[in-house]
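A short write-up of the structure that comes next.
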Amino acid sequence: MASFLLKSVLVVVAIFSISSIAQASDPDILSDFVVPVGSAIDGNLFTFNGTRGIFGSVIEKFKVTKASKAEFPALDGQSVSLAVLQFPGGGVNPPHTHPRAAEVLFVIQGSLEVGFVDTANKLYTQTLQVGDLFVFPKGLVHYQYNSDWNKSATAVSGFGSANAGTVSLPTTLFSTGIDDQILAKSFKSDIATIQKIKTGLSP
């Protein structure tokens, strides 16, 4: 009887531990906030001005201005971050994923075509106007595109992590040194085509 009870408790503990790992997110902190080494504790610690002056500027190419833990250390332990996405006419944020957080996108200027692909390879798309919000589930491949070649577009994205991470598919696949033959076989193409794609992605 005691052996059965002990086994039952161990199984429950194991299931709880696996569930906790599978649902991992930013670690909880044991204080109100985390103070970076050498920082003064005043209003400046909690202020980010890296987005100051970007609104209303001329948008010549796609640009992301991030306010994540790297740029805004006060976010450490807070499980939130933000990015401002600016699109020229015809600009695109290529297919990418955020492995550590979902993203909610809020359009504040222009319009955007957005979409994501679920794990059953189903594509969900929408055309967003000013004031619309769209959620990209955590870890799924998604994109944003400004199809209006005559107007720029701006959106603000919020993330449920201080460091959501970004994995850009074009860059990850073609600019990290994966062998051309592997890519050619994977895309049922040839090495010349793969090299042409790599050349097109060069800065």
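The values are calculated or read from the model by the stated rules, or taken from the named source; none is laboratory data. Source: prediction; values computed, not measured. We place every Cβ from the backbone using ideal geometry, glycine too, and count neighbours over all the protein chains shown.
The figures follow:
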quantity: Residue among Ser68, Ser81, Ser31, Ser111 that is touching a Phe, Trp or Tyr at 6+ places or on another chain (Cβ under 7 Å) and at negative phi; calculated: Ser81
quantity: Complete set of residues in the stretch 172-197 that are in contact (Cβ under 8 Å) with a residue 12 or more places away in the chain, closer than 24 Å to Pro99 by Cα and assigned to a helix (DSSP H, G or I); calculated: Phe174
quantity: Only one of Gly50, Gly56, Gly38, Gly77 that is outside the structural domain of Pro95 (by TED's automatic domain parsing) and farther than 22 Å from Tyr143 by Cα; calculated: Gly38
quantity: Some residue of the stretch 176-192 being more than 14 Å from the chain's Cα centre (by Cα), closer than 13 Å to Leu85 by Cβ and surrounded by 16 or more Cβ atoms within 10 Å (Cβ to Cβ); calculated: no
quantity: Flag if Phe55 is surrounded by 16 or more Cβ atoms within 10 Å (Cβ to Cβ) and either hydrophobic (A, V, I, L, M, F, W, C) or within 17 Å of the chain's Cα centre (by Cα) (or both); calculated: no
quantity: Among the candidates Glu71, Glu60, residue that is acidic (Asp, Glu), in a loop (DSSP other than H, G, I, E, B) and within 30 Å of Phe33 (Cβ to Cβ); calculated: Glu71
quantity: Test for Thr119: is it free of Cβ contacts under 8 Å to residues at least 24 places away in the same chain and closer than 29 Å to Lys198 by Cβ; calculated: yes
quantity: Sole exception among (1) out of contact with any helix residue (DSSP H, G or I) (no Cβ under 6 Å at 6 or more places or on another chain); (2) at pLDDT 95 or above for Gln78, by number; calculated: (2)
quantity: Check on Gln126, surrounded by fewer than 18 Cβ atoms within 10 Å (Cβ to Cβ) and part of a strand (DSSP E or B); calculated: yes
quantity: Only one of Ala102, Ala83 that is hydrophobic (A, V, I, L, M, F, W, C), touching a residue at least 60 places away in the same chain (Cβ under 8 Å) and under 30 Å from Val37 (Cα atoms); calculated: Ala83
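Residues checked against (1) of a type in the set (Val, Ile, Thr); (2) closer than 23 Å to Lys61 by Cβ:
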residue	(1), (2)
Ala101	no, no
Thr119	yes, no
Asn146	no, yes
Ser168	no, yes
Ser186	no, no
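Here is a yes/no grid of residues against (1) acidic (Asp, Glu); (2) farther than 26 Å from Thr172 by Cβ; (3) surrounded by 15 or more Cβ atoms within 10 Å (Cβ to Cβ); (4) touching an Asp or Glu at 6+ places or on another chain (Cβ under 7 Å):
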position: Glu60; (1), (2), (3), (4): yes, no, no, no
position: Gln78; (1), (2), (3), (4): no, yes, yes, no
position: Leu82; (1), (2), (3), (4): no, no, yes, no
position: Leu85; (1), (2), (3), (4): no, no, yes, no
position: Gly90; (1), (2), (3), (4): no, no, no, no
position: Ala101; (1), (2), (3), (4): no, no, yes, no
position: Val130; (1), (2), (3), (4): no, yes, no, no
position: Gln144; (1), (2), (3), (4): no, no, yes, no
